[in-house]
Amino acid sequence: MPFEIIIGTQWGDEGKGRVVDLLSEEAVVVARYNGGDNAGHTVTVGGQTFKLHLLPSGMIHSQTIGVIGNGLVVNPAVLLKEIDMLRQNGLTVDPQRLGISHAAHLLTPAHQALDRAQEAARGGAQIGTTGRGIGPAYTDKVARRGLRMEDMLDVPRFRHKLTAHLEETNRWLTQMYSAEPLAVQAIVEEFSGYAEVLAPYIRDVGALIMEVLQKGGRVLAEGAQGTLLDLDHGTYPFVTSSTPTAPGALTGLGLGVLPVDRVVGVTKAFQTRVGSGPFPTEVFGEMAERLRGTGANPWDEFGTTTGRPRRVGWLDGVLLRYAMRLNGVSELAVTKLDILSGLPDIKICTAYRSENGVHETLPLGPADLSPFEAVYEELPGWQEDVRGARRWEDLPRLAQEYIRRIEAISGVPVRYISVGPERSQVIVR
Ligand code: GDP
Ligand code: IMO
Ligand code: MG
(Lines give C-alpha, C1' and ligand atoms only; values in the text may rest on other atoms or scores of the structure.)
(Ligands and ions follow the chains in the order given, each with its own letter.)
Protein backbone atom coordinates (compact mmCIF):
# COMPACT_ATOMS: atom_id res chain seq x y z
CA MET A 1 0.00 0.00 0.00
CA PRO A 2 1.35 3.47 -0.84
CA PHE A 3 1.71 4.54 2.79
CA GLU A 4 4.81 6.57 3.69
CA ILE A 5 6.03 7.96 7.00
CA ILE A 6 8.34 10.97 7.29
CA ILE A 7 10.05 11.38 10.66
CA GLY A 8 12.73 13.50 12.32
CA THR A 9 15.80 11.54 13.40
CA GLN A 10 17.13 14.14 15.87
CA TRP A 11 15.62 16.61 18.38
CA GLY A 12 13.16 18.17 15.93
CA ASP A 13 13.55 20.98 13.37
CA GLU A 14 15.39 18.70 10.95
CA GLY A 15 13.52 20.22 8.01
CA LYS A 16 10.56 17.81 8.02
CA GLY A 17 8.18 20.44 6.62
CA ARG A 18 10.51 21.07 3.73
CA VAL A 19 10.84 17.35 2.94
CA VAL A 20 7.12 16.63 3.38
CA ASP A 21 6.35 19.43 0.93
CA LEU A 22 8.71 17.84 -1.57
CA LEU A 23 7.12 14.39 -1.19
CA SER A 24 3.49 15.58 -1.19
CA GLU A 25 3.34 16.35 -4.88
CA GLU A 26 1.54 13.09 -5.63
CA ALA A 27 -0.13 12.46 -2.28
CA VAL A 28 -3.88 12.14 -1.87
CA VAL A 29 -3.80 12.38 1.95
CA VAL A 30 -1.24 14.19 4.10
CA ALA A 31 -1.61 13.51 7.81
CA ARG A 32 -0.18 14.70 11.11
CA TYR A 33 -0.20 11.94 13.74
CA ASN A 34 1.43 13.36 16.90
CA GLY A 35 2.14 16.45 18.94
CA GLY A 36 0.39 19.78 18.76
CA ASP A 37 1.33 23.37 18.02
CA ASN A 38 4.70 22.84 19.69
CA ALA A 39 5.65 21.86 16.13
CA GLY A 40 6.77 24.52 13.68
CA HIS A 41 7.22 23.23 10.13
CA THR A 42 8.53 25.59 7.47
CA VAL A 43 7.79 25.33 3.76
CA THR A 44 9.27 27.79 1.27
CA VAL A 45 7.81 27.95 -2.24
CA GLY A 46 8.65 30.60 -4.76
CA GLY A 47 10.11 32.87 -2.09
CA GLN A 48 6.97 32.59 0.04
CA THR A 49 7.35 31.02 3.49
CA PHE A 50 4.63 29.12 5.34
CA LYS A 51 5.03 28.17 9.00
CA LEU A 52 2.66 25.38 10.00
CA HIS A 53 2.01 24.26 13.56
CA LEU A 54 -1.00 21.94 13.31
CA LEU A 55 -2.02 21.50 9.68
CA PRO A 56 0.03 18.99 7.68
CA SER A 57 2.73 20.70 5.58
CA GLY A 58 1.54 18.82 2.50
CA MET A 59 -1.64 20.94 2.44
CA ILE A 60 0.31 23.61 0.55
CA HIS A 61 -0.25 21.29 -2.44
CA SER A 62 -3.83 22.01 -3.44
CA GLN A 63 -4.72 18.44 -4.51
CA THR A 64 -4.14 16.95 -1.02
CA ILE A 65 -6.62 16.18 1.74
CA GLY A 66 -5.28 17.08 5.19
CA VAL A 67 -5.79 14.89 8.24
CA ILE A 68 -5.28 15.65 11.92
CA GLY A 69 -5.02 12.31 13.67
CA ASN A 70 -6.18 11.11 17.09
CA GLY A 71 -2.56 11.26 18.28
CA LEU A 72 -2.64 15.07 18.39
CA VAL A 73 -3.60 17.60 21.01
CA VAL A 74 -5.33 20.46 19.20
CA ASN A 75 -5.46 24.09 20.23
CA PRO A 76 -8.51 25.23 18.25
CA ALA A 77 -7.51 28.91 18.30
CA VAL A 78 -4.18 28.10 16.62
CA LEU A 79 -5.84 25.72 14.18
CA LEU A 80 -8.41 28.31 13.04
CA LYS A 81 -5.72 30.95 12.58
CA GLU A 82 -3.75 28.54 10.45
CA ILE A 83 -6.78 27.63 8.34
CA ASP A 84 -7.28 31.35 7.76
CA MET A 85 -3.65 31.79 6.75
CA LEU A 86 -3.96 29.09 4.09
CA ARG A 87 -7.20 30.61 2.81
CA GLN A 88 -5.55 34.02 2.53
CA ASN A 89 -3.00 32.32 0.31
CA GLY A 90 -5.70 31.09 -2.04
CA LEU A 91 -5.94 27.51 -0.74
CA THR A 92 -9.29 25.90 -0.03
CA VAL A 93 -9.79 24.55 3.49
CA ASP A 94 -13.24 23.06 3.99
CA PRO A 95 -14.59 19.76 5.37
CA GLN A 96 -13.89 18.12 1.98
CA ARG A 97 -10.21 19.02 2.30
CA LEU A 98 -9.58 18.62 6.02
CA GLY A 99 -10.56 15.88 8.46
CA ILE A 100 -9.98 16.09 12.20
CA SER A 101 -10.14 12.89 14.23
CA HIS A 102 -13.06 12.64 16.64
CA ALA A 103 -10.58 11.17 19.13
CA ALA A 104 -7.96 13.95 18.97
CA HIS A 105 -7.70 15.76 22.28
CA LEU A 106 -8.48 19.41 22.82
CA LEU A 107 -5.80 21.68 24.20
CA THR A 108 -7.23 24.53 26.26
CA PRO A 109 -5.88 27.65 28.03
CA ALA A 110 -5.88 25.50 31.19
CA HIS A 111 -3.15 23.33 29.69
CA GLN A 112 -1.13 26.37 28.67
CA ALA A 113 -1.39 27.89 32.14
CA LEU A 114 -0.37 24.60 33.76
CA ASP A 115 2.59 24.22 31.36
CA ARG A 116 3.88 27.65 32.38
CA ALA A 117 3.26 27.07 36.10
CA GLN A 118 4.91 23.64 36.07
CA GLU A 119 7.96 24.89 34.18
CA ALA A 120 8.36 27.74 36.68
CA ALA A 121 8.04 25.26 39.56
CA ARG A 122 10.81 23.07 38.10
CA GLY A 123 13.27 25.87 38.80
CA GLY A 124 16.73 24.93 37.52
CA ALA A 125 15.45 21.55 36.26
CA GLN A 126 13.30 23.05 33.51
CA ILE A 127 12.55 20.96 30.43
CA GLY A 128 12.45 24.11 28.31
CA THR A 129 9.03 23.29 26.87
CA THR A 130 7.49 25.40 24.14
CA GLY A 131 4.93 26.61 26.70
CA ARG A 132 2.07 25.51 24.42
CA GLY A 133 0.40 23.28 27.01
CA ILE A 134 1.48 20.03 25.37
CA GLY A 135 2.53 18.06 28.49
CA PRO A 136 -0.59 18.91 30.52
CA ALA A 137 -2.90 18.13 27.56
CA TYR A 138 -1.40 14.64 27.17
CA THR A 139 -1.47 14.22 30.96
CA ASP A 140 -5.26 14.72 30.88
CA LYS A 141 -5.52 12.25 28.00
CA VAL A 142 -3.66 9.53 29.89
CA ALA A 143 -5.54 10.31 33.10
CA ARG A 144 -8.77 9.73 31.11
CA ARG A 145 -10.22 13.11 31.94
CA GLY A 146 -9.39 14.92 28.69
CA LEU A 147 -11.79 16.64 26.31
CA ARG A 148 -11.87 15.19 22.81
CA MET A 149 -12.90 16.72 19.50
CA GLU A 150 -16.07 14.59 19.51
CA ASP A 151 -17.15 16.24 22.77
CA MET A 152 -17.71 19.43 20.76
CA LEU A 153 -20.53 17.76 18.80
CA ASP A 154 -22.90 18.07 21.77
CA VAL A 155 -22.48 21.72 22.79
CA PRO A 156 -24.52 21.78 26.04
CA ARG A 157 -22.65 18.72 27.35
CA PHE A 158 -19.37 20.13 26.08
CA ARG A 159 -19.92 23.38 27.98
CA HIS A 160 -20.55 21.42 31.13
CA LYS A 161 -17.42 19.27 30.76
CA LEU A 162 -15.25 22.25 29.81
CA THR A 163 -16.48 24.22 32.83
CA ALA A 164 -15.57 21.34 35.15
CA HIS A 165 -12.11 21.06 33.49
CA LEU A 166 -11.42 24.78 33.91
CA GLU A 167 -12.68 24.92 37.47
CA GLU A 168 -10.53 21.97 38.46
CA THR A 169 -7.50 23.59 36.82
CA ASN A 170 -8.19 26.80 38.71
CA ARG A 171 -7.93 24.91 41.98
CA TRP A 172 -4.55 23.53 40.89
CA LEU A 173 -3.33 26.89 39.64
CA THR A 174 -4.26 28.84 42.74
CA GLN A 175 -3.67 26.28 45.49
CA MET A 176 -0.66 24.42 44.15
CA TYR A 177 1.18 27.00 42.02
CA SER A 178 -0.06 30.32 43.48
CA ALA A 179 -0.90 31.34 39.91
CA GLU A 180 -3.78 33.47 38.60
CA PRO A 181 -7.07 31.61 37.94
CA LEU A 182 -8.55 31.43 34.44
CA ALA A 183 -11.70 33.31 33.39
CA VAL A 184 -13.95 30.25 33.12
CA GLN A 185 -17.03 31.82 31.53
CA ALA A 186 -15.14 33.68 28.83
CA ILE A 187 -13.26 30.52 27.80
CA VAL A 188 -16.47 28.47 27.71
CA GLU A 189 -18.02 31.06 25.37
CA GLU A 190 -14.93 31.15 23.18
CA PHE A 191 -14.78 27.35 22.89
CA SER A 192 -18.52 27.04 22.18
CA GLY A 193 -17.80 29.20 19.13
CA TYR A 194 -14.94 26.93 18.07
CA ALA A 195 -17.22 23.89 18.50
CA GLU A 196 -19.67 25.29 16.00
CA VAL A 197 -17.00 26.08 13.40
CA LEU A 198 -15.04 22.83 13.77
CA ALA A 199 -17.93 20.32 14.04
CA PRO A 200 -18.19 19.71 10.25
CA TYR A 201 -14.51 18.68 10.12
CA ILE A 202 -14.75 15.98 12.79
CA ARG A 203 -14.72 12.42 11.44
CA ASP A 204 -13.19 8.97 11.69
CA VAL A 205 -9.94 9.73 9.88
CA GLY A 206 -8.66 6.14 10.08
CA ALA A 207 -11.62 5.03 7.93
CA LEU A 208 -10.97 7.88 5.49
CA ILE A 209 -7.31 6.87 5.12
CA MET A 210 -8.12 3.18 4.60
CA GLU A 211 -10.60 4.09 1.88
CA VAL A 212 -7.96 6.16 0.06
CA LEU A 213 -5.31 3.43 0.44
CA GLN A 214 -7.66 0.75 -0.86
CA LYS A 215 -8.21 2.81 -4.00
CA GLY A 216 -4.43 3.03 -4.47
CA GLY A 217 -4.11 6.65 -3.30
CA ARG A 218 -0.84 7.76 -1.75
CA VAL A 219 -0.92 8.64 1.97
CA LEU A 220 1.89 10.50 3.65
CA ALA A 221 2.21 10.63 7.45
CA GLU A 222 4.16 13.64 8.76
CA GLY A 223 5.91 13.30 12.10
CA ALA A 224 6.33 16.28 14.38
CA GLN A 225 9.26 16.72 16.83
CA GLY A 226 11.91 14.01 16.48
CA THR A 227 13.09 10.58 17.58
CA LEU A 228 15.14 11.90 20.51
CA LEU A 229 12.08 13.78 21.82
CA ASP A 230 9.96 10.60 21.83
CA LEU A 231 8.24 10.12 25.20
CA ASP A 232 9.43 6.51 25.54
CA HIS A 233 12.63 6.39 23.52
CA GLY A 234 14.04 9.92 23.70
CA THR A 235 16.28 11.72 26.18
CA TYR A 236 13.74 11.29 29.00
CA PRO A 237 12.66 13.46 30.83
CA PHE A 238 13.82 16.08 28.32
CA VAL A 239 11.29 14.92 25.76
CA THR A 240 7.86 15.83 24.51
CA SER A 241 4.74 13.94 25.61
CA SER A 242 3.84 12.13 22.38
CA THR A 243 5.22 9.47 19.99
CA PRO A 244 7.08 11.16 17.13
CA THR A 245 8.71 7.89 16.01
CA ALA A 246 7.30 6.07 12.97
CA PRO A 247 5.16 3.47 14.80
CA GLY A 248 3.23 6.43 16.26
CA ALA A 249 1.85 7.05 12.78
CA LEU A 250 -0.29 3.91 13.01
CA THR A 251 -1.72 4.45 16.50
CA GLY A 252 -1.89 8.21 15.94
CA LEU A 253 -4.05 7.87 12.82
CA GLY A 254 -6.23 4.93 13.84
CA LEU A 255 -4.65 2.42 11.46
CA GLY A 256 -3.79 -1.23 11.91
CA VAL A 257 -0.40 -2.77 11.22
CA LEU A 258 -0.37 -2.21 7.48
CA PRO A 259 2.46 -2.44 4.97
CA VAL A 260 4.51 0.75 4.99
CA ASP A 261 6.10 1.62 1.64
CA ARG A 262 8.95 3.56 3.14
CA VAL A 263 10.04 5.49 6.21
CA VAL A 264 11.98 8.61 5.29
CA GLY A 265 14.25 9.86 8.08
CA VAL A 266 15.00 13.57 7.95
CA THR A 267 18.36 14.55 9.37
CA LYS A 268 20.14 17.84 9.43
CA ALA A 269 23.75 17.74 8.16
CA PHE A 270 24.66 18.81 11.70
CA GLN A 271 22.70 18.62 14.97
CA THR A 272 20.47 21.08 16.85
CA ARG A 273 18.35 21.10 19.97
CA VAL A 274 16.06 23.68 21.54
CA GLY A 275 15.32 23.31 25.23
CA SER A 276 17.25 21.48 27.95
CA GLY A 277 18.74 18.01 28.00
CA PRO A 278 21.87 16.10 27.00
CA PHE A 279 23.66 16.90 23.74
CA PRO A 280 27.03 15.10 23.53
CA THR A 281 28.19 16.75 20.28
CA GLU A 282 27.19 20.30 21.25
CA VAL A 283 29.62 23.07 20.29
CA PHE A 284 30.01 26.54 21.79
CA GLY A 285 31.70 29.81 20.93
CA GLU A 286 32.60 30.80 17.39
CA MET A 287 31.76 27.47 15.78
CA ALA A 288 28.32 27.54 17.41
CA GLU A 289 27.68 31.02 16.03
CA ARG A 290 28.81 29.85 12.61
CA LEU A 291 26.42 26.86 12.58
CA ARG A 292 23.52 28.73 14.17
CA GLY A 293 23.70 31.90 12.09
CA THR A 294 22.86 35.33 13.44
CA GLY A 295 19.14 35.22 12.83
CA ALA A 296 19.44 37.39 9.72
CA ASN A 297 18.38 34.50 7.43
CA PRO A 298 14.98 32.83 7.85
CA TRP A 299 16.72 29.43 8.04
CA ASP A 300 19.10 30.39 10.86
CA GLU A 301 18.78 28.24 13.96
CA PHE A 302 16.15 30.07 15.96
CA GLY A 303 12.96 28.21 16.97
CA THR A 304 10.08 28.34 14.46
CA THR A 305 7.58 28.24 17.32
CA THR A 306 9.28 30.13 20.13
CA GLY A 307 12.11 32.10 18.47
CA ARG A 308 14.63 30.72 20.99
CA PRO A 309 18.21 30.28 19.72
CA ARG A 310 18.83 26.59 19.08
CA ARG A 311 21.80 24.78 20.60
CA VAL A 312 24.01 23.43 17.80
CA GLY A 313 26.65 20.74 17.33
CA TRP A 314 28.14 18.11 15.04
CA LEU A 315 26.18 15.24 13.58
CA ASP A 316 25.91 12.43 16.15
CA GLY A 317 26.30 9.08 14.39
CA VAL A 318 25.55 7.03 17.51
CA LEU A 319 22.17 8.70 17.96
CA LEU A 320 21.56 8.56 14.20
CA ARG A 321 22.04 4.77 14.18
CA TYR A 322 19.67 4.53 17.15
CA ALA A 323 17.06 6.53 15.21
CA MET A 324 17.44 4.23 12.17
CA ARG A 325 16.61 1.22 14.31
CA LEU A 326 13.74 2.76 16.27
CA ASN A 327 11.94 4.03 13.19
CA GLY A 328 12.85 1.38 10.63
CA VAL A 329 14.16 4.15 8.38
CA SER A 330 14.49 2.98 4.77
CA GLU A 331 16.00 6.15 3.31
CA LEU A 332 17.44 9.40 4.55
CA ALA A 333 16.84 13.01 3.58
CA VAL A 334 19.80 15.18 4.61
CA THR A 335 18.99 18.89 4.96
CA LYS A 336 21.02 22.09 5.30
CA LEU A 337 24.11 20.72 3.58
CA ASP A 338 24.65 24.29 2.28
CA ILE A 339 25.33 25.51 5.82
CA LEU A 340 28.51 23.42 6.05
CA SER A 341 30.06 24.95 2.89
CA GLY A 342 33.24 26.88 3.61
CA LEU A 343 34.23 25.11 6.83
CA PRO A 344 37.88 23.99 6.87
CA ASP A 345 36.86 20.63 8.31
CA ILE A 346 33.75 18.91 9.54
CA LYS A 347 33.45 16.61 12.51
CA ILE A 348 31.13 13.66 12.76
CA CYS A 349 30.66 11.59 15.90
CA THR A 350 31.10 7.88 15.15
CA ALA A 351 31.16 6.41 18.67
CA TYR A 352 31.04 7.27 22.39
CA ARG A 353 33.79 6.72 24.90
CA SER A 354 33.13 5.94 28.58
CA GLU A 355 35.25 4.46 31.36
CA ASN A 356 34.06 1.06 30.12
CA GLY A 357 35.51 1.54 26.65
CA VAL A 358 34.26 2.64 23.23
CA HIS A 359 30.61 2.18 22.26
CA GLU A 360 29.24 2.25 18.74
CA THR A 361 25.68 1.79 19.99
CA LEU A 362 23.94 2.92 23.16
CA PRO A 363 23.88 0.28 25.89
CA LEU A 364 20.56 1.56 27.29
CA GLY A 365 19.03 4.28 25.16
CA PRO A 366 19.73 8.00 25.41
CA ALA A 367 18.13 9.08 28.74
CA ASP A 368 21.47 9.21 30.54
CA LEU A 369 24.27 10.29 28.23
CA SER A 370 26.42 11.68 31.04
CA PRO A 371 28.92 8.77 31.08
CA PHE A 372 29.78 9.34 27.44
CA GLU A 373 32.11 11.54 25.47
CA ALA A 374 31.83 11.84 21.69
CA VAL A 375 34.54 10.23 19.55
CA TYR A 376 34.95 12.22 16.34
CA GLU A 377 36.16 11.59 12.87
CA GLU A 378 37.32 14.70 11.05
CA LEU A 379 36.61 15.16 7.36
CA PRO A 380 38.00 17.92 5.15
CA GLY A 381 35.34 20.54 4.31
CA TRP A 382 34.45 21.81 0.83
CA GLN A 383 34.70 25.48 -0.05
CA GLU A 384 32.23 25.64 -2.97
CA ASP A 385 28.69 27.02 -2.69
CA VAL A 386 26.33 24.04 -3.12
CA ARG A 387 23.04 25.94 -3.16
CA GLY A 388 22.74 25.65 -6.93
CA ALA A 389 23.42 21.91 -7.06
CA ARG A 390 20.54 19.85 -8.49
CA ARG A 391 22.30 16.60 -9.37
CA TRP A 392 24.70 14.41 -7.40
CA GLU A 393 27.40 15.24 -9.97
CA ASP A 394 27.00 18.96 -9.16
CA LEU A 395 28.23 18.44 -5.59
CA PRO A 396 31.93 18.96 -4.80
CA ARG A 397 33.79 15.69 -4.20
CA LEU A 398 34.26 16.45 -0.48
CA ALA A 399 30.52 17.08 -0.01
CA GLN A 400 29.81 13.74 -1.73
CA GLU A 401 32.25 12.12 0.67
CA TYR A 402 30.48 13.62 3.68
CA ILE A 403 27.17 12.20 2.44
CA ARG A 404 28.81 8.80 1.86
CA ARG A 405 30.09 8.85 5.44
CA ILE A 406 26.56 9.52 6.69
CA GLU A 407 25.38 6.50 4.69
CA ALA A 408 28.16 4.29 6.05
CA ILE A 409 27.58 5.40 9.65
CA SER A 410 23.78 5.08 9.52
CA GLY A 411 23.66 2.04 7.25
CA VAL A 412 20.86 3.73 5.26
CA PRO A 413 21.01 5.29 1.76
CA VAL A 414 20.68 9.07 1.46
CA ARG A 415 18.01 9.59 -1.17
CA TYR A 416 17.43 13.35 -0.82
CA ILE A 417 19.97 16.10 -0.23
CA SER A 418 18.58 19.54 0.53
CA VAL A 419 20.84 22.49 -0.29
CA GLY A 420 18.46 25.34 0.54
CA PRO A 421 14.99 26.01 1.96
CA GLU A 422 13.28 26.53 -1.40
CA ARG A 423 11.22 23.64 -2.85
CA SER A 424 13.53 23.30 -5.87
CA GLN A 425 16.82 23.34 -3.90
CA VAL A 426 17.19 19.59 -3.68
CA ILE A 427 19.09 16.67 -5.15
CA VAL A 428 17.12 13.43 -5.61
CA ARG A 429 19.29 10.36 -6.07
P1 GDP B 1 10.87 21.05 10.94
O2 GDP B 1 10.30 21.39 12.26
O3 GDP B 1 11.58 19.74 10.93
O4 GDP B 1 9.86 21.12 9.82
O5 GDP B 1 11.99 22.16 10.62
P6 GDP B 1 11.83 23.76 10.82
O7 GDP B 1 10.96 24.28 9.73
O8 GDP B 1 11.45 24.08 12.22
O9 GDP B 1 13.33 24.23 10.66
C10 GDP B 1 14.05 24.00 9.50
C11 GDP B 1 14.53 25.35 8.93
O12 GDP B 1 15.52 25.12 7.97
C13 GDP B 1 13.44 26.11 8.20
O14 GDP B 1 13.69 27.48 8.34
C15 GDP B 1 13.63 25.68 6.75
O16 GDP B 1 13.16 26.64 5.81
C17 GDP B 1 15.11 25.58 6.68
N18 GDP B 1 15.65 24.60 5.74
C19 GDP B 1 15.20 23.35 5.43
N20 GDP B 1 16.05 22.74 4.57
C21 GDP B 1 17.06 23.62 4.35
C22 GDP B 1 18.28 23.56 3.61
O23 GDP B 1 18.60 22.57 2.97
N24 GDP B 1 19.10 24.66 3.66
C25 GDP B 1 18.78 25.77 4.37
N26 GDP B 1 19.63 26.79 4.37
N27 GDP B 1 17.66 25.86 5.09
C28 GDP B 1 16.81 24.80 5.08
P1 IMO C 1 9.13 20.35 15.26
O2 IMO C 1 7.95 19.50 14.84
C3 IMO C 1 12.15 21.17 18.28
C4 IMO C 1 11.02 20.45 22.45
C5 IMO C 1 10.96 21.67 23.36
C6 IMO C 1 11.36 21.03 24.67
C7 IMO C 1 10.70 19.65 24.61
C8 IMO C 1 9.36 19.56 25.31
O9 IMO C 1 9.10 21.72 14.74
O10 IMO C 1 10.40 19.61 14.98
P11 IMO C 1 6.95 20.50 24.71
O12 IMO C 1 6.46 21.89 24.45
O13 IMO C 1 6.72 19.56 23.57
O14 IMO C 1 6.45 19.93 26.01
O15 IMO C 1 8.54 20.65 24.91
O16 IMO C 1 10.53 19.38 23.23
N17 IMO C 1 10.20 20.55 21.22
C18 IMO C 1 10.69 20.75 20.00
N19 IMO C 1 11.97 21.03 19.60
N20 IMO C 1 11.16 21.04 17.37
C21 IMO C 1 9.89 20.74 17.74
O22 IMO C 1 8.92 20.49 16.86
C23 IMO C 1 9.61 20.63 19.12
N24 IMO C 1 8.50 20.39 19.83
C25 IMO C 1 8.87 20.32 21.11
O26 IMO C 1 11.83 22.67 22.96
O27 IMO C 1 12.75 20.82 24.69
MG1 MG D 1 10.33 22.97 13.65
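The values are calculated or read from the model by the stated rules, or taken from the named source; none is laboratory data. Here the structure is a predicted model, which means the values were calculated and not measured. Note: ideal-geometry Cβ built from the backbone for every residue, glycine included; neighbour counts use all protein chains shown. Just so you know, the surface numbers come from the protein's heavy atoms only, side chains and all, with ligands and any DNA or RNA stripped out. Shrake-Rupley method; radii C 1.70, N 1.55, O 1.52, S 1.80 Å.
Annotations for the structure displayed:
- Radius of gyration (Cα atoms) of the range 105-201, expressed as a multiple of 2.2 N^0.38 Å: 1.10.
- Separation in nanometres of the label points that stand 7 Å from Cα toward Cβ, at residue 163 and residue 345: 7.0
- Cβ charges +1 (Lys, Arg) and -1 (Asp, Glu), total dipole of the range 143-293, debye: 300
- Helix 76-88 and the long axis of the chain differ in direction by around 70°, with both axes built from C-alpha atoms.
- Relative intensity of the chain on a log10 scale, I(q)/I(0) at q = 0.06, 0.08, 0.14 Å⁻¹, equals -0.24, -0.44, -1.30, per a Debye sum over C-alpha point scatterers of equal strength in the absence of solvent.
- Under 5 Å, built H, 5+ apart or other chain: amide partners of residue 381: 345, 346
- Ranking 168, 355 by solvent-accessible area of protein heavy atoms (1.4 Å probe, all protein chains present), from largest to smallest, gives 355, 168.
- Lysine pairs with alpha-carbon atoms under 13 Å apart, the chain, spacing 8 or more or separate chains: 5
- In this structure the amide hydrogen of residue 107, modeled in the peptide plane, comes within under 5 Å of the amide hydrogens of 74, 75, none closer than 5 places in sequence on its chain.
- Entry note, the range 105-201: relative contact order of 30 percent, from Cα contacts under 8 Å with a spacing of 6+ residues.
- Counting only DSSP beta bridges with both residues in the chain, the antiparallel share comes to about 40 percent.
- Computed in the context of the full set of protein chains, the accessible area of the range 105-201 at 1.4 Å probe radius has 53% of its extent on carbon or sulfur.
- Taking the longest Cα principal axis of the chain as reference, the axis of helix 155-171 is set at about 70 degrees.
- For the range 93-127 and the range 3-37, distance of Cα centres in Å: 20
- Area of residue 53 that stays accessible when all protein chains are in place (1.4 Å probe, Å², to 10): 30
- 3J(HN,Hα) along the range 140-146: 4, 4, 5, 7, 6, 10, x Hz, from the Karplus curve 6.51 cos²θ - 1.76 cosθ + 1.60 with θ = phi - 60°, whole Hz, x for Gly and Pro.
- Once backbone amide H atoms are built at 1.01 Å from N, residue 36 has 73 as its partners under 5 Å, excluding neighbours fewer than 5 places away on the same chain.
- Placing pseudo-labels 7 Å out from each Cα toward the beta carbon at residue 401 and residue 25 gives an inter-label distance of 3.2 nm.
- Separation between Cα centres of the range 227-298 and the range 175-196, rounded to whole Å: 32
- Measuring how big the range 144-289 is from its alpha-carbon positions, Rg and Dmax come out at 20.8, 58 Å.
- Å² per residue, accessible surface of the chain at 1.4 Å: 40
- Neighbourhood net charge (13 Å Cβ-Cβ; Lys/Arg +1, Asp/Glu -1) for residue 241: -2
- Whole-Hz couplings from phi, Karplus 6.51/-1.76/1.60, listed for the range 309-323; x for Gly and Pro: x, 8, 6, 10, x, 7, 4, 9, x, 5, 6, 5, 4, 4, 5
- Computed over neighbours whose Cβ is under 14 Å from that of residue 10, the net charge equals +1, Lys and Arg +1, Asp and Glu -1.
- Helical mean residue ellipticity (222 nm; -39500 (n - 2.57) per DSSP H run of 4+; nearest 500) of the chain: -8500 deg cm²/dmol
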